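Enquirer: I have a structure I would like to understand better, so I am pasting it below and will then ask my questions one at a time.
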Amino acid sequence: MPHTRADFRFFHRLRVRWVEVDIQKIVFNGHYLMYFDTAVADYWRALGLPYEEAMHQLGGDLYVKKATVEYFASARMDERLDVALRCARIGNSSMLFECAIFRGDQLLIGGELLYVFADPATQTSRSVPPALREILTGFEAGQTMLQARTGSWNELSADAGAIRTRVFVQEQRIPAELEWDAADASALHAVVYNRLQQPVATGRLLQVRPGLGQIGRVAVHEVLRGGGAGQVVMQALIDAARRRGDTELMLHAQRTAENFYARLGFISRGEPFDEVGIPHIEMAMPLAR
């Protein structure tokens, strides 16, 4: 079992809350398994895989066969912890994840989670699909999990449209007649795919006038937000604007996503406004030639 931070490349950050501690203000022993389980969900996000859809495509599901926990020291109330995971071994139908919880560089808890890939109807084991095996080994080797493609609406409408429908029409309840417009035909579109070739994010780039580009319709699969897909689609559109010779980019950001765009270099300007009933703010970013 690994015992140092250097043994891992994946970390999930969490903060200990009062409901997870006993009267001595230390974490209940059983909660560490919950921490591991929470980190596993974040691990799948890092793989770029919407779990339910990915398992459906792979023809199975994962079931915990064995879980072990080794205690070295206790976590206390209000501490920030890093939960580390790595896929250490893939057998014929099983996958072993090694887990560790750190406070800074101090190892508090170690553990192992043994999963079996199985038929969800009968729960009988199946061989780990080659595609999943390649994704896991590739991630642990530091390979990129997401890839963006750019193209016209004719080329990408099926995948871009599916993500936009899921996010804007179904999740945010924007009327479908307001989501689709004539600008799609002239825009450059970007779609981000995971390594199962599932579309997970999209966006488009318009040209307002020579030198000024506008990014819009940026949408990310809800279970993958925070996993990097949004940044991948934005970078693809920013790179395309630079190649086109744009000197400035602007966008209308939903206020809930303002910090995301700010981290990419966009600056808010003007007053907030409503667009399709959702609070927005205009943001802009200069582009170096």
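Laboratory data are not the source of any read-out in this text; all were calculated from the coordinates shown. Remember, it's a predicted structure, so these values are computed and weren't measured experimentally. Using ideal geometry, Cβ is built from the backbone for each residue, glycine included, and neighbour counts are taken over all protein chains shown.
Enquirer: Across bins of 5 angstrom width beginning at 0, how are the C-alpha pair distances of segment 5-140 distributed, in whole percent?
Expert: Bin by bin from 0 Å, the calculated values are 2, 10, 19, 22, 18, 12, 9, 6, 2, 0.
Enquirer: Turning to a different aspect of this structure: Send over the per residue convex hull volume for segment 186-265, Cα only, as a whole number of Å³.
Expert: Taking the convex hull of the Cα positions in segment 186-265, it is 94 Å³ per residue.
Enquirer: Go ahead and run the numbers for FRET between H252 and R5, Cβ-Cβ distance against an R0 of 30 Å, rounding to 0.05.
Expert: The pair H252/R5 has a calculated efficiency of 0.15.
Enquirer: So what's Rg/Rh here for segment 147-286, counting alpha carbon atoms and using the Kirkwood radius for Rh?
Expert: My calculation of the ratio gives 0.93.
Enquirer: Still on this structure, I have one more. Label Y51 and Q170 with points 7 Å out from Cα along Cα→Cβ: what is the distance between them in nm?
Expert: Distance between the two pseudo-spin positions: 1.8 nm.
Enquirer: Mind ranking 219-226, 187-194 by how tightly packed they are, going by the mean number of other C-beta atoms within 10 angstrom, highest first?
Expert: The packing order, highest mean first, is 187-194, 219-226.
Enquirer: For segment 1-67, just list the percent of Cα-Cα distances falling in each 5 Å bin from zero outward, please.
Expert: So the P(r) values, bin by bin, are 3, 12, 17, 20, 19, 15, 8, 3, 1, 0.
Enquirer: How much net charge surrounds I281 when only the other residues with a Cβ under 13 Å from the Cβ of I281 are counted, with Lys and Arg +1 and Asp and Glu -1?
Expert: Net local charge, I281 excluded: -3.
Enquirer: Which whole-number percent of Cα pairs in segment 95-150 have a distance greater than 15 Å?
Expert: Counting pairs separated by more than 15 Å, the tail of P(r) holds 68 percent.
Enquirer: Please list the non-local residues whose amide H lies under 5 Å from the amide H of L287, H modeled 1.01 Å from N, same-chain partners needing a gap of 5 or more.
Expert: Counting only residues 5 or more places away or on other chains, the set is E248, L249.
Enquirer: Please report the net charge: other residues with Cβ closer than 14 Å to the Cβ of N92, K and R +1, D and E -1.
Expert: +4
Enquirer: Tell me, how many Å apart are the Cα centres for segment 32-78 and for segment 192-211?
Expert: One Cα centre to the other: 30 Å.
Enquirer: In nm, to one decimal, how far is the modelled label at Q106 from the one at E177, with both set 7 Å along Cα→Cβ?
Expert: 6.3
Enquirer: Per-residue HN-Hα couplings for segment 90-95, Karplus 6.51 cos²θ - 1.76 cosθ + 1.60 at θ = phi - 60°, whole Hz, x for Gly and Pro?
Expert: Once θ is set to phi - 60°, the couplings for segment 90-95 become 10, x, 5, 10, 10, 9 Hz.
Enquirer: Could you estimate the translational diffusion coefficient of segment 140-214 from the Stokes-Einstein equation, with Rh from the Kirkwood formula over C-alpha pairs, at 4 °C and 1.567 mPa s, in whole µm²/s?
Expert: Using the Kirkwood radius from Cα pairs, D works out to 96 µm²/s.
Enquirer: If you project the alpha carbons of the chain onto their three principal axes, what span does each projection cover, largest first, in Å?
Expert: Sorted from largest, the Cα extents of the chain read 62, 43, 37 Å.
Enquirer: Separate question: Could you work out the helix-only [θ] at 222 nm for the chain, with each DSSP H run of four or more residues adding -39,500 (n - 2.57) and the total divided by the number of residues, to the nearest 500 deg cm²/dmol?
Expert: Value at 222 nm, helices only: -7500 deg cm²/dmol.
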